[in-house]
Amino acid sequence: MSNFSSSKMLKFLITFLLRVLFATTIFGQSLFIEEADSTVIVQRDNLVKAKAQALKDAKSKAILQAIGKFLDFDSIVSLKPLLRKHFLEKPDFFIESIRVISEGNNSDLTEFTLKIETQIFRSRLLSTVNQLGLPTQKELTSFRNIFLIYDTGNFIRNSKFSELFLEKLQTRLNSYLIRTNVIIIDNNNSELADGLPARLKLLAKKTIKKRDVIVFPLLELKLRLSTKPEHSQQGKISAQLIFWSQQEGISESSRSKIRAEVELNYNSWQVDEII
């Protein structure tokens, strides 16, 4: 009798522990349930291709809806290229399961519509958001002020391009809770080798308080045109973004190690497209 009771107790404990383990796993990988739909044009009667495109679009919509649990609408809109690269190029990584709610063609078979329900891994979404340095809506974080040395030529500085460029830049930085104090410099000839002291001297000339210069992080943005649009509609624009560290203990040669450069060839001076 005692052996029988011990056996039953052992089975009960094993079952209980398995249930607890299963519940803990599900809790640790909590899921967002999102519904999304997509309607695509059926090209050349290729229904298979239309179904694949509709599924791809619907999965992207579902993931963006789930991201909306962490980021506000303005951030999702302004960071769409970044989100597309890190979330939408491989959406299946974030999706646990998909259930088709409905699918079908319209009456003349020119459109295909698909509606799905997805279960999306919360932890994987949040991990990627954190890796991108994006604060979530629930984080009680205030804006951080930085100095931005905006170094460019006369044409860019005096054109519509400059105003729109800085506006778009600030819109994107808002998602990171960064507010720029823009210091406009005209064709600054300081090279990287001139280091941080040359940049601090520029700020001093702009009558920036010494305390603010020490406290606020410092970014430098250089824009250069190979040819002015008034001379040729074709040309090249280059941009260089540099973070200057004021942290003590870092050698002068390492203060500008964090930087990025990009060059863009254009066939016509279309401001919005270039920005």
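The values are calculated or read from the model by the stated rules, or taken from the named source; none is laboratory data. No experiment lies behind these values; they were computed from the predicted model shown. Counting neighbours? That spans all protein chains shown, and the Cβs are built from the backbone with ideal geometry, glycine included.
When each of Val42, Val77 is tested for being modelled with pLDDT under 95, of a type outside the set (S, T, N, Q) and more than 24 Å from the chain's Cα centre (by Cα), the lone residue that passes is Val42. None of Asp74, Asp92 is out of contact with any Cys (no Cβ under 8 Å at 6 or more places or on another chain), more than 17 Å from Leu125 (Cα to Cα), surrounded by fewer than 16 Cβ atoms within 10 Å (Cβ to Cβ) and in contact (Cβ under 8 Å) with a residue 12 or more places away in the chain except Asp74.
When the criteria are applied in full, Asp108 fails the requirement of being surrounded by fewer than 16 Cβ atoms within 10 Å (Cβ to Cβ) and part of a helix (DSSP H, G or I). Scanning the range 28-54 for residues that are under 23 Å from Ser123 (Cα atoms) and buried (at least 18 other Cβ atoms within 10 Å of the Cβ) gives Phe32, Glu34, Ala36. The residues listed here are Leu202, Leu166, Leu148; of these, the one that is over 30 Å from Glu96 (Cα atoms), part of a strand (DSSP E or B), out of contact with any helix residue (DSSP H, G or I) (no Cβ under 7 Å at 6 or more places or on another chain) and among the aliphatic types (A, V, I, L, M) is Leu148.
Any idea which residue in the range 163-192 is farthest from Ser232 (Cα to Cα), counting only those that are modelled with pLDDT under 85 and of a type in the set (S, T, N, Q)? Step by step, filter the range 163-192, then rank; the result is Ser190.
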